[in-house]
Structures are given as structure tokens and as C-alpha cells.
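A.B. asks: One structure, pasted below without further comment.
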Protein chains: 2
Amino acid sequence: MSLKRYLPILDWGARYDRDTATSDAVAAVIVTIMLIPQSLAYAMLAGLPPEVGLYASIAPLILYAVFGTSRALAVGPVAVVSLMTAAAVGQVAAQGTPEYWGAAIALALMSGLMLTAMGLLRLGFMANFLSHPVISGFITASGIIIAASQLKHILGVKAGGHNLAEVLASLAQTIGDANPITAVIGVSVAAFLFWARKRLKPLLIAKGLRPRLADVIAKAGPVMAVAASTLAVWGLGLHERGVAIVGAIPSGLPPLALPSLDPALWSSLAVSALLISVVGFVESVSVAQTLAAKRRQRIAPDQELIGLGAANIGAAFTGGFPVTGGFARSVVNFDAGAETPAAGAFTAVGILLAALLLTPLLHFLPVATLAATIIVAVLSLVDLGALRRTWVYSRPDFAAQLATIALTLGFGVEAGILAGVGLSIFLHLYTSSRPHVAVLGLVPGSEHFRNIRRHNVVTAPHVLMMRIDESLYFANARFLEDHVADAVAADPALRHVVLMCSAVNEIDASALESLEAIDQRLTAAGLRLHLSEVKGPVMDRLKRTDFLDHLSGDVFLTQYDAFHALAPEVADAARRAERRDTARAQAAQ
Amino acid sequence: MSLKRYLPILDWGARYDRDTATSDAVAAVIVTIMLIPQSLAYAMLAGLPPEVGLYASIAPLILYAVFGTSRALAVGPVAVVSLMTAAAVGQVAAQGTPEYWGAAIALALMSGLMLTAMGLLRLGFMANFLSHPVISGFITASGIIIAASQLKHILGVKAGGHNLAEVLASLAQTIGDANPITAVIGVSVAAFLFWARKRLKPLLIAKGLRPRLADVIAKAGPVMAVAASTLAVWGLGLHERGVAIVGAIPSGLPPLALPSLDPALWSSLAVSALLISVVGFVESVSVAQTLAAKRRQRIAPDQELIGLGAANIGAAFTGGFPVTGGFARSVVNFDAGAETPAAGAFTAVGILLAALLLTPLLHFLPVATLAATIIVAVLSLVDLGALRRTWVYSRPDFAAQLATIALTLGFGVEAGILAGVGLSIFLHLYTSSRPHVAVLGLVPGSEHFRNIRRHNVVTAPHVLMMRIDESLYFANARFLEDHVADAVAADPALRHVVLMCSAVNEIDASALESLEAIDQRLTAAGLRLHLSEVKGPVMDRLKRTDFLDHLSGDVFLTQYDAFHALAPEVADAARRAERRDTARAQAAQ
């Protein structure tokens, strides 16, 4: 049982048969076709040689198949994590050096170990601290940065820059040096890919192809672009006219090597590795959860951490870089009929064959084609409409989202995501530090209590009844003290304060001390504090303290009990008045 | 109106009369007697010359009288803030140098400006992020550190150390060099002060003194100790036998000077200044609030920030160091009958006279006496019993409190308080990220729904009803997704899921997206998602989105409506069964 939990392959592997294998193999072929250009392109985005992208798409997929719980997740290099890798590794080594590659490998190992540790310690909840608006803002901003960073390859210029403003300024300065042929290739490929994504499938179906086949062909758009532009460069000798090409890619098995264990390198990459782990996990788990639900299956988030951790450790020992589950790729895998993680292992075999046999064919592949592939892929991640939707629904969430986007664009991925997380936590605490408090009155003829501002209700001049619509904890404990003190100071006739706790799910130690302070202050001023409708678990904990022994007033089961006990004449009058009204109404009928 | 808000003196000053002045003056005399030895001692604790303590007890009191809202708060140097000052300033300059004093002055200015800015921007809620257990743990640990740090003066040895372990180790190494006469003075003074605090007042009352006078005499214990030990040193020439004395204290007005505006100094003190501001404010405002409530008065927390800010700015321009409202001193002020902040201004006059006239008399004051004064004062702050009380009530609060104490003792005041704040926020998020979720059934014969695990209730096999006892926000959004997915995957008979939202005070953008994801996944699996008992403000916000248009199920006003609509036969059967039971019970009677 426990072994199956940590090795999900024992579960599905025991029931594996030929039919399942066929489904998985078909899905694997389609994902392999999609993954070859993507893995080359994302390696380039991460600042690494193209073959590293292939290496990162072999061992990780096999390890995820052993340890992962999603039946459809397709693991490998993805755009956002590749950008984060480039940002992190760029701080410790120069692109193109062996140290740069070594640092990327170390980053994969650290991320893998962190993910595995989080899984074993069941720390998956840490991913919750990335709120949806922050993630969405972060991915949008990353998409914009990635697209902007690839424009230099499309134009064939040597531009640089560490944030959006620098990248755009550098592009503007160097645009005069643009290589026209490169630009034609880049723009044509991008235009073709946009067209293929939107129009090719309907067109093929209209031409009479089966939808399934039309879909596969449309998904193979990047492969067609790679083949056509490579042939064009090779046939027309465009590389001799300034078109940058991928060049010689060593063919062969991924290199087995021990990653660097240099403590200085590890400590300078630690924060980056943590952010990459959490962002990668959040992206991956939401895709996996969505696809699993479609077939009413389950994934185990903590085991997913172990699966992704194993994948990254595998990447590190085979010369790869950080990987995670990709959104588009997993959807393709699912749609193509993948039934078990074995589909991922089959894909790994496909990529391995590509690494052994296809790399000579990629020599004349123009860099601009890969850049166009990246741009088309990441622009689908950009969702500026989310800003408007968040604004409409929640101002604090909007603030966190806007800050994440602005800081990611202006100061880079790590500053952006840290600011987003910090701000969403701060704003959550701020919002719940000023909870809604309603002053209550009795709805005549009922036992219900409502806000005196919104309803026509009955109150007693010497009884103040308040309902706090929030758990009581340190962030709002003082607010409660202030609120009660203000209300009591404003009305010298008061003798009783009743706090209705129906919406109070928790009272922490700070709030307990505040309640004690409120009670002591009220007692000193000649008032009594009562509670009503305290929830069972909250009451259980209060009973473990001496608060209830010292409380000047009582704890009432219902708000009506409290009102009737403290202001019986008003409560009874309200009931009589109601009876009279009812009688009159009946008489009038 | 607005001017009165920012200048509370205009309010109470307009009604000021001779009777009030008399009360204030009497209180001021008593507080002055208490404050003279305290201000010398806390200056020493902060690593500053003793006269600086007097300087910090003049201008700040006058400025607080103008801008503060508490009628009884006595502002001046306090133990914990003095310790924090020593820790902060010790990092940028060596004790005894003009730079050290200059840095303490700059710290007061920065803290004053931060407090004023927080007041003007109404950021007083930031103090809420210090939970009560963290504050209590911090003050306990500070008290222990302060007491330990003063032992060297009691023993007359030159010990050092930056944390408790170092201080104790250094004391153990140097104890052989202890000066016996100094030790006799220190221990006798400490013993006398402990005795005076507990026993002197009852003794005097038993001897026939009026309780008020007995109280004043008991409070003057430190002054008696100062006078007696000074006389002893002077008369017996003990300073020539190795007893450290305060020495020459320049007499005169506080020096008016512009604090240092060095940006490097400011940036290295910024975090310390913020922590000192927040800790000082929290201590001060809780004393002020407690005392105000006793007379059913109000303080304005945001204006208190301005009052304390003005006091610290005043301290900075008159050669002082950070100040705040002191607990013991304010209680004395209140008990002695202070009616307005003018009592503080009168106290300032008293201290000014002391600075002008009394300093020559303090030449032979033994340092051991001041150390004993500090130890007796701070040991009353140590409350290790709080750890046990917090443990009984709340494990997360206990963890935050223990971490604060341990880190403060082990790594210093700033590490301790930052760890405490960070941990309490983390634990709050963690706790609310795993809310209590109850699966519900109908209590037969009622319209109430209760936890199926605790009550004998009726359910329908195709309807899952869940109540979430927490607001839904980013930290628990994914938990909810997991929880619903688990429940649905476990029971293939389910067709409807109803989330009862009676305890949901908020749904943030992350939780909204999670609800959308849950709805889409349920729909894909052939189920429908319903909500019930959604609160008004939550519903208002949901209506601003298209969530309700896409929701596969309905929103029901009550849980019973939902159950009756989705499982009418079960609901009706429960009602019929109940009627039958009632009829049988009546027949049996």
C-alpha cells in the first residue's frame, strides 16, 4: 500500500495491457513531434545549447512515469521555467560557458531535491501561497518578456537587456543592423504558426480529412516550419548571407555526469531553485488536476511533488535543466489518448531516437524559426484581460496582480513573483484586519437578528449587539478592541455588550487576550460582556482556558436567548406587537 | 474639528482649570521622582551617558502632551526600546563614541518620522501583525537579556556578549574579578527594591500611614536606593576601592542639535527604526487603551502614532534617544490622578529642574544601583507562565511564541521579533489553508443540517453536501479543489455537490477561479455544483462576475431549499417519518 503510494507505477503497471500500450504509443508519437522543436527552442530560451533541450526530455519523462500520478501530464522544458532558469543562471555565469551549463544542471538538481523533500514532508500547501492572480500576472509578464527577448533572433541583431525596457531599448538601437533574410524567415514562420494554430485544422477538416488526423497535422505546424526553413537555408545557402543557424549539434546519448556540488554555487542559486520549484509545481499540478477530473480520476499533489522532483533530479544527472509539466503538451497528450504515464516513457524513447539520429538534419535550422516557435507559444500565455476581470471582482487581488506584472516586467521574474506573494499575503491580512461588523436588532415577530442599518429591527437602549463577520485573530484583535471601545464610549446608556460569533471560525491567542481586555475594560466601566452562538470547536478551546470563568457576562446558545435574557421587556413587547399586528391583519381580511 | 483631531491639546486645553492643574501637578511630582532613576538607568542600558536619559524625558513629554490622545500615558525611555536601541546602534558605532550617541539620535529621528508617517497615512494596523504571543514572548526574552546584561554591573566585572549564551559565558569567565563592595551594593539595592515593591506599602499602611502616601513612598523606593547608595559611596570613599560610579554628569539644558542625515547611517538603521517604532507603539497603545477604558475614555490609535512620533522627533533634536509610553510609569501617573496630558508636561519641568540642579549630586551614584533598578524593573516583564497558557490554548501561537523567545535569546532582539512575526503569519495562513469541512445531513423533522460524523442525520446517495468553516482565499483554494475532487472520485453515485457557505465571509479571486475549476471538472464528470446560504456581501461580488451564469447548478437561499430541490423524496420522507414519530409519541402519552 505504502510502496504503491510512492511508486504509482506499481498500481497502473499491474493492469497494463496491449490496448493501453497502443493508446499510449499513439499519443507519444504526437507529443514527440510537438516536443522536438519545443525542447530545442526552450533550451535556447534558457541560454543553453539546443541539444540540452533534448537531454531534458528523456530521463525526466521516464522518471516521471515511475513516480508521477497524472495519467496525462507531459513533462519537459517549458517556457516560463526556462526563462527563470536563464535569469537565475545568468547571475552566476556567462552564457555559452561550461560554467553556465553546469549551473543550469545544479539548478535542476536543487529544484529536484527541493520538490522531492516538499513531497516527502507533505509541504505541497506551500504552493497555495501563490494566489491565482499572482500566477496569472506572472505568466503574462513572463510571456511578454520571453516574446520581447526573442525578437532579436527574428531580426538577426545582437540585442541584450535584463528587463523589458532594456530589451526594447537595445532592440531599437540595433534594429538598423537587422538581417533582412533572417527577418523574412522569422516573420513568415511566426505568421505561418499563428495561421496554423487558428485555421489549419478547420481547413483540413473542410478538405475532407478526419478531425483526428487534421488535429495531428495542425499540431505538427512547428515541425513543418522547422523542416521548410531548414531546407530553405540549406538549399539557398542563406547561412552564408548572414542567417544565424543552429549549427553542429552533437548526436548521441545524453551525457551521464555528477552535477556540481559547490556550496557557493548552491547558496547563490537557492532562492531561484525554490521559486522555480514552486512555480513549476503550481503550473503542473493545475494542468494535471484539470485533465484528471475530466476522466473522474485523482492526482495526489504530494506525490506529484515527488514525481516532478525525480524528473528534475533525472534531468540533472543527464545534462539537462529544470523541467515541469507543460500545459499545451499535456492537453495534446490527453487528447491524443494517453491513458497512463507510460505515454511519457514512450515519448522519451522518441526524443532519444531524435537525439541519436536527427541532430545532423538540424544543422541548417535557422535560429529565427525557433524564436518564432517560442513567440507563438508564449503569446498564448499572455492574458491582459485577466487584469480587467480581477479589477471587477477584487481590488486587493488586482493590486497584487498589477504589482506582479509591473515588477516582473521592470525588475525580472524573481522580484516580480516575490513581490506578488508578499503583497497578496499582506493584503489578505489587511483585509481581514478590518472585518465587517454589524450592529444587530431583532426582526419583530421572529427570532432573527439583522443589521440595524439595513433592516427595520427592535433594539434595547442598554444592550449593544454586534456580529463580527470574520475569524478573530491577531490581525483584527486590536480592531475589535477599538470597535467595542468606540461604541461603548459613544453611548453612556449601555450596560451590556453581546458579541454574536456565528461567523467566527477561530479565536486565536491574541484575540482571546483582546476579548479578556475588552471584558476587563467593560467591567471597569460598569458593563458586562456576553457571547452568543459560539461554534462548537471554538467553544471547546475556550473551555480549556479560564476565560469563561472570568467573563463578566454569559455565553448564550442563540442570539435570541441573549436578547430575551438581557432585555425581556423589549423582546416580549416585540412579540406582542407582532401578535397584535397579525390579529389586526386577520381582522382586516 | 480636523485641527482638534491632529492637536488634541485644543480639545482638553480649552476646558483646563485650576482643579485639573492641581491633580496633574501632584501626579507629575510622583512620576518625576520615579522617572529620574529610570531615565538614568535606561540611558545606561542603551549604552549612552546617563544625562541622555534626562534629555529624553523633557522635550518628548511636552510634545506628547500637545499631540497625544491618552490622558495618562507617561512617555520616556523604557527598558525594551532601550535594549533595541543598544542592539541597533551597536552595529554601526562603538559604545562611548560621539558616533554612537549620534546614531542613537538619528534612530530617534527616524523612528519619530516613521511613527508620524504611519499616523498620517493611518497605518496603525501594521502593529496588528505583532500577535500577542509574539509580543509577550519578545518582552519576556528581552527582560531576561536585559537582566543578564546588568549582572556585570552588579558584580563590577567587564563582561560582554551579544546574546544570552555569550553574556552568561563572559560572566562566568570574569566572575573571579568581581568587586566585593560593588556586589554588596548591587545585591543589597536589588533586595531592597524587591522588598519595597512587595512589602513596603502594606507595612507603611500597617504603621498608620494613609494608603495614598504609603503608595507614593513605596514608589519612591528607587530614589531612596539612589540617595542611600550615593551617600554611602561618598561618605566611605568606596569609589576609591573599585566601586564604579556614574561620575561627572554635565548639568544644563538639553543640547539643541540637528540629527545626522547621513544616508548610509539611515539605511543601515532603517529596519531597526521600523521595529522600534512598531514595538514601542504596540506597548504604548495597549497601556493607553487600558487606562482610557477605566474612565470610559477613548484614545485614537492613529493620532497616538503622531503623538509618539512627535515625542521621538523631539528627543532627536534635544540629544535624546528613542522613547515610548512606559507601562509602570503610566499606571503610576493614572493612579496618582493625572487627568490630562498636561501632567506629562509638568513631569518634563521636573526632569528639566533635575537636569539643571541635581546632576552634581549624582556624581557618586554607583552604577550597580542603576543596574539593580533595571533588573528589578525588567524581571516583572518576564512571564514564562505565558508559554504554558499559550500551549494549552493554541499550538500555532505557542510555536510562534517559543520561536520568538528562543531566537531573541539566541540571536538578538531583531532576529527574534522578525521570526515571530513571520512565523505567526505563516502559521495563520497554514491553519486557514486546511479549514474544517463538514459533510452534512438533514436532522430529521427539522430544517437544520449537521455533520454526518457527529449526528444522526438523513442524506441522499446522489447529493454531497459540504460546509466549509472558513473564508475561501488563495491559501485554501487548492485545498477545496482537492477536497471536492477526492470526495467525488470516491463515490461514483454522486450527481450533485452542494457547498454550504454560511461560514464563508469572503471569496477572493483565487477561490473564485477554484470554484470555476471545480464546477468545470464536475460538469465534465457529469455532476452539478450548487451553492447555498451565500452571504449578502459575497453574493454581491459574485454577481459582478459571470460565475453565476456559467455555474452548472443553482444558488439556494437555504441548505434545506437545496436538499429539498435535489432530493425531494428523501426530504419528504424525513418529514413524514418525523410526523409519524411525533404521532406515535403523542399516542403513547
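The values are calculated or read from the model by the stated rules, or taken from the named source; none is laboratory data. The shown structure was predicted, so the numbers you read here are calculated from the model rather than taken from an experiment. Please note: Cβ atoms are built from the backbone with ideal geometry, for glycine as well, and neighbour counts cover all protein chains shown. The protein model used for the area step is the full one, side chains on, heavy atoms only, and it has no ligands, DNA or RNA in it. Shrake-Rupley method; radii C 1.70, N 1.55, O 1.52, S 1.80 Å.
A.B. asks: What number of residues in the range A:299-331 are in contact with a helix residue (DSSP H, G or I) (Cβ under 6 Å, 6 or more places away or on another chain) and farther than 22 Å from residue A:107 by Cβ?
C.D. replies: 4
A.B. asks: Moving on to the next point. So residue A:276 passes all but one of these: (1) modelled with pLDDT under 90; (2) of a type outside the set (D, E, K, R); (3) over 18 Å from residue A:65 (Cβ atoms). Which condition number does it fail?
C.D. replies: Unmet condition: (1).
A.B. asks: Continuing with the same structure: For the range B:144-159, indicate whether the set of residues that are away from every other protein chain (no Cβ under 14 Å) and under 30 Å from residue B:303 (Cβ atoms) is non-empty.
C.D. replies: Here is the first cut: in the range B:144-159, the residues away from every other protein chain (no Cβ under 14 Å) are B:144-159.
Filter once more, keeping what is under 30 Å from residue B:303 (Cβ atoms): none.
No, the range B:144-159 has no match at all.
A.B. asks: Among the residues of the range A:517-537, count how many are facing chain B (nearest Cβ under 10 Å) and either within 29 Å of residue B:429 (Cβ to Cβ) or surrounded by 16 or more Cβ atoms within 10 Å (Cβ to Cβ) (or both).
C.D. replies: Keep residues of the range A:517-537 that are facing chain B (nearest Cβ under 10 Å), which gives A:517-518, A:520-527, A:535-537.
Subset that is either within 29 Å of residue B:429 (Cβ to Cβ) or surrounded by 16 or more Cβ atoms within 10 Å (Cβ to Cβ) (or both): A:517-518, A:520-523, A:525, A:527, A:535-537.
Residues flagged as facing chain B (nearest Cβ under 10 Å) and either within 29 Å of residue B:429 (Cβ to Cβ) or surrounded by 16 or more Cβ atoms within 10 Å (Cβ to Cβ) (or both) within the range A:517-537 amount to 11.
A.B. asks: So which residues in the range B:432-451 are polar (S, T, N, Q) and open to solvent by less than 10 Å² (accessible area, probe 1.4 Å)?
C.D. replies: Looking only at the range B:432-451, we keep the residues that are polar (S, T, N, Q), and these are B:432-433, B:446, B:451.
Once the filter is applied, which keeps residues that are polar (S, T, N, Q) and open to solvent by less than 10 Å² (accessible area, probe 1.4 Å), the range B:432-451 yields B:432, B:433.
A.B. asks: Quick one: in the range A:326-353, which of the residues that are among the charged types (D, E, K, R) and out of contact with any Ser or Thr (no Cβ under 8 Å at 6 or more places or on another chain) is nearest to residue A:222 (Cα to Cα)? Talk me through it step by step, then tell me what you get.
C.D. replies: Here is the first cut: in the range A:326-353, the ones among the charged types (D, E, K, R) are A:329, A:335, A:339.
Subset that is out of contact with any Ser or Thr (no Cβ under 8 Å at 6 or more places or on another chain): A:329, A:335.
Working: A:329: 13, A:335: 18 Å.
Filtering the range A:326-353 for residues that are among the charged types (D, E, K, R) and out of contact with any Ser or Thr (no Cβ under 8 Å at 6 or more places or on another chain), the one nearest to residue A:222 (Cα to Cα) comes out as A:329.
A.B. asks: Please enumerate the residues belonging to the range A:388-420 that are within 14 Å of chain B (Cβ to nearest Cβ), touching a Ser or Thr at 6+ places or on another chain (Cβ under 8 Å) and surrounded by fewer than 24 Cβ atoms within 10 Å (Cβ to Cβ).
C.D. replies: A:389, A:392, A:393, A:396, A:398
A.B. asks: Shifting gears a bit: Hand me the list of helices (runs of 4 or more DSSP H) wholly inside the range B:532-584 holding 1 or more residues that are farther than 19 Å from residue B:460 by Cα.
C.D. replies: Numbers: elements: B:536-543, B:547-550, B:559-566.
Result: B:536-543, B:547-550.
A.B. asks: Of the numbered conditions (1) open to solvent by 10 Å² or more (accessible area, probe 1.4 Å); (2) closer than 22 Å to residue B:278 by Cβ, residue B:71 satisfies every one except a single condition; which is it?
C.D. replies: Tallying (1) open to solvent by 10 Å² or more (accessible area, probe 1.4 Å); (2) closer than 22 Å to residue B:278 by Cβ, residue B:71 fails exactly one: (2).
A.B. asks: Okay, moving on. Does at least one position in the range A:349-367 carry a residue that is surrounded by 23 or more Cβ atoms within 10 Å (Cβ to Cβ) and touching a His at 6+ places or on another chain (Cβ under 6 Å)?
C.D. replies: Yes.
A.B. asks: Do you know which of the residues in the range B:174-201 that are free of Cβ contacts under 8 Å to residues at least 12 places away in the same chain and within 33 Å of the chain's Cα centre (by Cα) is nearest to residue B:365 (Cα to Cα)?
C.D. replies: B:191
A.B. asks: Which members of the range A:489-506 meet the condition of being out of contact with any Asp or Glu (no Cβ under 6 Å at 6 or more places or on another chain) and either more than 10 Å from every other protein chain (Cβ to nearest Cβ) or assigned to a loop (DSSP other than H, G, I, E, B) (or both)?
C.D. replies: Across the range A:489-506, the qualifying residues are A:491, A:492, A:493, A:494, A:495, A:496, A:497, A:498, A:499, A:504, A:506.
A.B. asks: Based on what the data block shows, is residue B:247 in contact with a Leu (Cβ under 7 Å, 6 or more places away or on another chain), closer than 22 Å to residue B:358 by Cα, at pLDDT below 90 and open to solvent by less than 20 Å² (accessible area, probe 1.4 Å)?
C.D. replies: Details: in contact with a Leu (Cβ under 7 Å, 6 or more places away or on another chain): no; closer than 22 Å to residue B:358 by Cα: yes; at pLDDT below 90: yes; open to solvent by less than 20 Å² (accessible area, probe 1.4 Å): yes.
It is false that residue B:247 is in contact with a Leu (Cβ under 7 Å, 6 or more places away or on another chain), closer than 22 Å to residue B:358 by Cα, at pLDDT below 90 and open to solvent by less than 20 Å² (accessible area, probe 1.4 Å).
A.B. asks: Listed residues B:35, B:40, B:54, B:10; which is over 21 Å from residue B:274 (Cβ atoms) and in contact with a Lys or Arg (Cβ under 6 Å, 6 or more places away or on another chain)?
C.D. replies: Working: B:35 fails: in contact with a Lys or Arg (Cβ under 6 Å, 6 or more places away or on another chain); B:40 fails: in contact with a Lys or Arg (Cβ under 6 Å, 6 or more places away or on another chain); B:54 fails: in contact with a Lys or Arg (Cβ under 6 Å, 6 or more places away or on another chain).
Just one listed residue meets the conditions, B:10.
A.B. asks: Check every one of the helices (runs of 4 or more DSSP H) wholly within the range A:59-170 and list those with 1 or more residues that are out of contact with any Lys or Arg (no Cβ under 6 Å at 6 or more places or on another chain) and over 22 Å from residue A:40 (Cα atoms).
C.D. replies: On the way: elements: A:59-67, A:79-89, A:98-120, A:132-155.
Of the helices (runs of 4 or more DSSP H) lying wholly inside the range A:59-170, those with at least 1 residues that are out of contact with any Lys or Arg (no Cβ under 6 Å at 6 or more places or on another chain) and over 22 Å from residue A:40 (Cα atoms) span A:59-67, A:98-120, A:132-155.
A.B. asks: I've got another one for you. Could you please give the count of residues in the range B:287-326 that are in a loop (DSSP other than H, G, I, E, B) and within 11 Å of chain A (Cβ to nearest Cβ)? Working first, answer last.
C.D. replies: First pass over the range B:287-326, keeping only residues in a loop (DSSP other than H, G, I, E, B): B:295-300, B:318-323, B:326.
Filter once more, so that each one left must be within 11 Å of chain A (Cβ to nearest Cβ): B:295-300.
Total satisfying the criteria: 6.
A.B. asks: Now for a different question. Out of the residues in the range B:432-451 that are of a type in the set (Val, Ile, Thr) and either in contact with a Phe, Trp or Tyr (Cβ under 9 Å, 6 or more places away or on another chain) or farther than 28 Å from residue B:508 by Cα (or both), which is farthest from the other protein chains (Cβ to nearest Cβ)? Don't jump to the end; show me each part of the working.
C.D. replies: Step one: filter the range B:432-451 for residues of a type in the set (Val, Ile, Thr), giving B:437, B:439, B:443.
Subset that is either in contact with a Phe, Trp or Tyr (Cβ under 9 Å, 6 or more places away or on another chain) or farther than 28 Å from residue B:508 by Cα (or both): B:437, B:443.
Details: B:437: 11, B:443: 15 Å.
Among them, the one singled out is B:443.
A.B. asks: Does the range A:250-276 hold any residues that are surrounded by fewer than 19 Cβ atoms within 10 Å (Cβ to Cβ) and under 29 Å from the mean Cα position of the chain (by Cα), and which are they?
C.D. replies: Filtering the range A:250-276 down to residues surrounded by fewer than 19 Cβ atoms within 10 Å (Cβ to Cβ) leaves A:250-253, A:255-258, A:260-264, A:266-268, A:270-271, A:274.
Matches in the range A:250-276: A:266, A:267, A:268, A:270, A:271, A:274.
A.B. asks: Of all residues in the range A:152-179, which are open to solvent by 70 Å² or more (accessible area, probe 1.4 Å) and either of a type in the set (Asp, Glu) or within 20 Å of residue A:246 (Cβ to Cβ) (or both)?
C.D. replies: Result: A:158, A:166, A:177.
A.B. asks: Right, next: So residue A:337 ticks every box in (1) farther than 22 Å from residue A:257 by Cα; (2) in a helix (DSSP H, G or I) but one. Which box is left unticked?
C.D. replies: That leaves (2) as the condition not met.
A.B. asks: Filter the range A:547-573 down to the residues that are modelled with pLDDT of 90 or more and within 14 Å of chain B (Cβ to nearest Cβ), then identify the one that is nearest to the chain's Cα centre (by Cα).
C.D. replies: By that ranking, first place goes to A:547.
A.B. asks: Applying the selection to the range B:452-488, what residues are surrounded by fewer than 16 Cβ atoms within 10 Å (Cβ to Cβ) and either at the interface with chain A (Cβ under 9 Å from one of its Cβ atoms) or among the aromatic types (Phe, Trp, Tyr) (or both)?
C.D. replies: Passing the criteria: B:454, B:486.
A.B. asks: Looking at A:27, A:56, A:21, which is the one that is open to solvent by less than 50 Å² (accessible area, probe 1.4 Å), of a type in the set (A, V, I, L, M) and within 26 Å of the chain's Cα centre (by Cα)?
C.D. replies: Numbers: A:27 fails: within 26 Å of the chain's Cα centre (by Cα); A:21 fails: within 26 Å of the chain's Cα centre (by Cα).
When all the criteria are applied, what remains is A:56.
A.B. asks: Just checking, does the range B:334-346 include any residue being charged (D, E, K, R) and either without any contact (Cβ under 8 Å) to a residue 12 or more places away in the chain or surrounded by fewer than 24 Cβ atoms within 10 Å (Cβ to Cβ) (or both)?
C.D. replies: So far as the range B:334-346 goes, yes, one or more of its residues are charged (D, E, K, R) and either without any contact (Cβ under 8 Å) to a residue 12 or more places away in the chain or surrounded by fewer than 24 Cβ atoms within 10 Å (Cβ to Cβ) (or both).
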